[in-house]
Structures are given as C-alpha cells and as structure tokens.
Amino acid sequence: MDTATPAKPKYAGTNGTLLVAKNDERLPVSTEVQTEHINLDQPALIGMTPPFIGQRFVLRPGKTSIGRREDSDIVLADGSVSSLHAWVIEDSGSYRLMNILSTNGSYVNDQRVTEAVLTHGDRLRFGGVELQLHTGTAGAAKKGSAWGWMIGLGAVLGLAALVAIGWVLMHH
C-alpha cells in the first residue's frame, strides 16, 4: 500500500480554486430545465451570458452564496467562477454583494468590487458570468409607491406652509 501524500491536482490554484478556461470541456454542463412556477415578486439574478441566458436564480432572504461548488445556493458551473465566489446579502429589502474567495473577481456594472450596495437592474459579474439583479415586481412597486407618498407629503407640507404664510401676512 502506498502511503505517499496525494499529488496536487494538475490544475489546482490557491484556496483549491480550479484553474480552467471559461467553457472548459472538463466542467459539467447543466441541462436541467426549471419547471416550477416562476414568481416574479421574488428577488433573483437573471443570466445574461451563455449558457445562463434567461435563467432565473432566486435570491434567499439573508445570505445567498454564489459559486461553482454544488452546495452553493446559486451554482454557476463555469471555470471562471471560483468554488465559493461571492455572497449576495439581503437586509430588509436592501442588497449588497460581497466578494469572498474568488480568483477572477466580482464586478458590479463593470467595476471590480470587494463589497458594494446593489440596486435593481445592476449587472453583476462573477469571473466571466454576468447576471442582472431583479428585486421583484413587488419591490419595484413598493419603491414607486414610497416615492409617490413622499412627493404627496411634500406637496401637502408646502401647501400648509403657504397657507400659514398667508395667514400671518393677513393678520399683521
């Protein structure tokens, strides 16, 4: 029985990162088709680059892990994505991205980041895989109604101030 330590894999990099080119044939290609009902109110990342174009990756409340490892919440089987690449963290409807152990970096709207606050429509890139953040239709409607409410409140306060100024001018 050979008791020698196992040899380091030929393509291993730092932190166990597999060093391969994008679309390397050694990586499995996912052919699974999503058959469950799609809820557009759920926050998600939408695939923008092959082979993920149009795929919807639902974000979990709290922390969503993104990487090549099978135990990631969002598995991106692409050689440019590290085993544990990044986290998207949700806190009361706000989102931020944290780069974790990536070799090729995490980007928000083409800017390399370690950590960044995210907004609806931001383009996130993990290695060579680009996804777009969708906070959900309910989230977009809430933001719209909040702005409408604040504009309405501002109009009411402005009108009240004009009435008060008019009253002061009439009584002095």
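Of the Cα atoms belonging to segment 42-102, the radius of gyration and Dmax stand at 11.2, 33 Å. Protection proxy ranking of 125-132, 48-55, 95-102, by the mean of other Cβ atoms within 10 Å over each peptide's residues and highest first, is 125-132, 95-102, 48-55. With 0.36 nm allotted per residue and the present C-alpha distance subtracted, the Ile53-Asp73 stretch has 5.4 nm of extension available. If you plug the beta carbon distance of Ser92 and Glu115 into 1/(1 + (r/R0)^6) with R0 = 22 Å, you get a FRET efficiency near 0.80.
Computed 3J(HN,Hα) for segment 117-123, one whole-Hz value per residue from the Karplus formula 6.51 cos²θ - 1.76 cosθ + 1.60 where θ = phi - 60°, is 6, 10, 10, 3, x, 4, 9, glycine and proline marked x.
Database remark: amide H of Gly79 closer than 5 angstrom to the amide H of Asn23, Asp24 (H placed geometrically; neighbours at sequence offset of 5 or more, or on other chains; Pro and chain starts carry no H).
Computed from backbone phi, the HN-Hα couplings of segment 47-52 come to x, 10, 10, x, x, 9 Hz, rounded to whole numbers (Karplus: 6.51 cos²θ - 1.76 cosθ + 1.60, θ = phi - 60°; Gly and Pro given as x).
No value in this document is a laboratory result; all are computed from the given coordinates. On a predicted model such as this, the values are computed, not experimentally measured, just so you know. Please note: Cβ atoms are built from the backbone with ideal geometry, for glycine as well, and neighbour counts cover all protein chains shown.
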